[in-house]
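Worksheet: one structure, shown below.
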Amino acid sequence: MPRTCYNREMNMTDDKSMKPIRFLMVGGFLGAGKTTTIGKLAAHYVAQGKNVALVTNDQAYNLVDTETLRGQGFHVGEVPGACFCCKFDDLMTTVDSLSDDGIPDIVIAEPVGSCTDLVATVIEPMKSLFGERFETGPLVVLLKPSHGKKILADGPSRGFSPKAEYIFLKQLEEADSIAINKIDRMSEDDQQSLLQLTKERFPEKSVFLMSARDGVGFDDLIAAVESEPRLRNGMMEMDYVTYAEGEAELGWLNCQVKAESNSEDVKFQLDEVVLAFVRDIGSQLAKADAEVAHLKVLGQTLENSSIANLVSSDGIAELSLASEIKTGAAELLVNARVATDPETLETIVSAVAKELQQSMPVQFSIGEMQSFRPGKPEPTHRMA
């Protein structure tokens, strides 16, 4: 009998007449655009009068994604410290906590971007153990174009090692549907080329083009998440040694930084500070030949937020959320997932904070910092 610590005695599980909660996961590699996508999905269902709850997941604590979604007004729970597969009981407990203000009609979960094997370790155990309570939907996986076109085309320079690529490809292999996201940043020819490459590699899957940011292809996404999961003859084969080694090649860093003006009479542009942090950290990582999987910085005041992102070493730092304000103080949250050692990440982030003080009227104070390599995934359950 699979082990579980989940509290089966919650009142909401006892009412067998209650309509099951629709549970959806949107997967994809680091920087694929999952947070933007589930935010748009949640808004769509809220507009239909649904009670929607969101769950984010990461190897570390202090997540930009969680704060981003809460800033949009959504009810968000967080499962930090490991993947959903290794924190299955925490996932169930978090869903319970999100039911305090009314049982949700839909729960949308965002797994760690370096996680795979979700069908066998999350979806199937949920169906087996809590099938009366949850209606599990299909697994939609977002394909990140900046690395996808390199990996699927088998080019000479693909950014990541074969072991990290293994995770990227396994995510696509287990998907019910694949959404090629961020097409607003691609030419028409590049879109069609990547679409063809993806369909050739995964001919049995539904594949479509999408821009979560612009809303292009959103109807296809809704159709995908509302479709029936495809029939499977068994669970996907997984080499957990390669999986673990691929994850361990990625350095993880989360840290808090306090930004304060040098003078009470001078305020700084929050957007410029956030964008400069991402741009300069990315530049230093490129010099160190460290491939960026996802780098994001959130800047917050009491009333405003600003977010900048970089999703590959050859990409461009972008402001994904503009505050358009000047302020005398702000809290920055830095999340970096990079193919390098954690010590290098710490050194670069600290150095960039010191260097930016020379060119901006701002003093930076680095607070709590976590940096590590992810540990070996050890799922709570894995269905055969």
Say whether the condition of being part of a strand (DSSP E or B), polar (S, T, N, Q) and at pLDDT 95 or above is met by at least one residue in the stretch 224-231.
no
Taking the stretch 30-72 and keeping only residues that are small (Gly, Ala, Ser) and in contact with a helix residue (DSSP H, G or I) (Cβ under 9 Å, 6 or more places away or on another chain), one is left with GLY31, ALA32, GLY39, ALA42, ALA53
All helices (runs of 4 or more DSSP H) inside the stretch 1-94 with 1 or more residues being under 20 Å from PHE134 (Cα atoms) and modelled with pLDDT under 95:
11-14
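This table checks each residue for (1) touching a helix residue (DSSP H, G or I) at 6+ places or on another chain (Cβ under 8 Å); (2) under 22 Å from THR121 (Cβ atoms); (3) in a helix (DSSP H, G or I); (4) among the hydrophobic types (A, V, I, L, M, F, W, C).
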{"residue": "LEU172", "(1), (2), (3), (4)": "yes, yes, yes, yes"}
{"residue": "LEU194", "(1), (2), (3), (4)": "yes, no, yes, yes"}
{"residue": "LYS199", "(1), (2), (3), (4)": "no, no, yes, no"}
{"residue": "PHE208", "(1), (2), (3), (4)": "yes, no, no, yes"}
Members of the stretch 174-188 that are assigned to a helix (DSSP H, G or I) and touching a residue at least 60 places away in the same chain (Cβ under 8 Å):
GLU174
Would you check which residues across the stretch 98-156 are under 26 Å from ALA43 (Cα atoms), touching a Gly at 6+ places or on another chain (Cβ under 7 Å) and part of a helix (DSSP H, G or I) and list them?
LEU118
Taking the options LEU333, LEU295, LEU345, name whichever one is touching a residue at least 40 places away in the same chain (Cβ under 8 Å), under 20 Å from the mean Cα position of the chain (by Cα), crowded, with 18+ Cβ neighbours inside 10 Å and not in a strand (DSSP E or B).
LEU345
Restricted to the stretch 350-369, and to residues that are under 27 Å from HIS147 (Cβ atoms) and either outside the structural domain of ASP314 (by TED's automatic domain parsing) or in contact with a Ser or Thr (Cβ under 9 Å, 6 or more places away or on another chain) (or both), which residue is surrounded by the fewest Cβ atoms within 10 Å (Cβ to Cβ)?
MET369
How many residues does the stretch 261-289 contain that are under 29 Å from the mean Cα position of the chain (by Cα) and either assigned to a loop (DSSP other than H, G, I, E, B) or more than 18 Å from ALA322 (Cα to Cα) (or both)?
10
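The values are calculated or read from the model by the stated rules, or taken from the named source; none is laboratory data. Small disclaimer: the values here were computed from a predicted structure and weren't measured. Every residue, glycine among them, receives a Cβ derived from its backbone with ideal geometry; neighbour counts consider all protein chains shown.
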